[in-house]
Amino acid sequence: MSANNFIALKSLITKEVNRFTRIWLQTLVPPAITMSLYFVIFGNLIGSRIGEMSGFSYMEFIVPGLIMMSVITNSYSNVASSFFSSKFQRNVEELLVAPVPTWVIIAGYVGGGVARGLSVGIIVTILSLFFVDLQVFNLFVLAISVLLTSILFALGGLINAILAKSFDDISIIPNFVLTPLTYLGGVFYSLTLLPDFWQTVSKANPIVYMINTFRYGFLGVSDIPLIYSFSMIFVFVAALFSVAYWMIDRGIGLRS
């Protein structure tokens, strides 16, 4: 990486991090409160009636999924709102005419999304310690799965922002696609509880692979083989990066 590219990348990431830390009461606190309510309602109140899941208490079982859910939503929303704001205010045009490679633009915005996603994930993890005694089974799997997932959904937010024509378009994907996929991704249940047909259907949901790899990092259990899960995540990351690169390089949705 050349010195100029490094400076550009560092500047973009710094701008994105400053953007969400400056308004931390709006970006970091609400997700923490929401997840705390999940812990109380689903973990303490409902979980005590459900019993064990895959050999663990229900609270232990759902905590990894809830942490990952907060990472997914915040990584996505940060990039989607930030990039669209730059596009709406025509600030992004300065990047397009600057001698900055397309991959640096993508990495800068995605880096900001990952920073927010992981920040919220860490906050939620700390909060979860008040409700359950978390044990880490495999730190490497844990770190790689959460990092790749955050990158994947930051890329998804970037593509959403590129295609969006108004601020209303930013909320369509999270509300009608991301939320249903997350709730049906095995956060609150094991796939083994489903009939064979619905287990097969569930495997078309990319979030299933991310939740299971992350849960394996904590508990050492997964409904899907680890190698298969990581392969699918890598494929999705490569695909979304290629799409985002092609769209920005061609100026799709960016040039009037």
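The values are calculated or read from the model by the stated rules, or taken from the named source; none is laboratory data. Fair warning: this is a prediction, and the values are worked out from it, not measured in the lab. Note that we place each Cβ from the backbone using ideal geometry, even for glycine, and neighbour counts take in every protein chain shown. These area figures cover heavy atoms from the full protein model, side chains too; ligands, DNA and RNA do not enter into them. Shrake-Rupley method; radii C 1.70, N 1.55, O 1.52, S 1.80 Å.
Candidates are the residues of the range 158-213 that are open to solvent by 10 Å² or more (accessible area, probe 1.4 Å), in a helix (DSSP H, G or I) and among the aromatic types (Phe, Trp, Tyr); the one that is nearest to Val141 (Cα to Cα) is Tyr183. Does at least one position in the range 3-15 carry a residue that is open to solvent by 70 Å² or more (accessible area, probe 1.4 Å), closer than 15 Å to Ile106 by Cα and either among the aliphatic types (A, V, I, L, M) or at pLDDT 95 or above (or both)? Yes: the range 3-15 contains one or more residues that are open to solvent by 70 Å² or more (accessible area, probe 1.4 Å), closer than 15 Å to Ile106 by Cα and either among the aliphatic types (A, V, I, L, M) or at pLDDT 95 or above (or both). What about Leu254, is it part of a helix (DSSP H, G or I), in contact with a helix residue (DSSP H, G or I) (Cβ under 8 Å, 6 or more places away or on another chain) and not β-branched (Val, Ile, Thr)? Taking the combined requirement at face value, the residue does not satisfy it. Looking at Ser54, Ser82, just one residue is polar (S, T, N, Q) and either open to solvent by 10 Å² or more (accessible area, probe 1.4 Å) or closer than 30 Å to Ser222 by Cα (or both), and that residue is Ser54. Pro180 fulfils the conditions (1) modelled with pLDDT of 90 or more; (2) within 22 Å of Phe61 (Cβ to Cβ) except for a single criterion, (1). Flag set for Arg49, criterion: closer than 30 Å to Asp223 by Cβ and part of a helix (DSSP H, G or I).
Pairs only if they're at least six apart or on different chains, beta carbon under 9 angstrom, first in the range 3-21 and β-branched (Val, Ile, Thr), second surrounded by 13 or more Cβ atoms within 10 Å (Cβ to Cβ) and not in a helix (DSSP H, G or I); list them, first residue then second. Sorted first by the residue in the range 3-21, then by its partner, the pairs are Thr21/Leu28.
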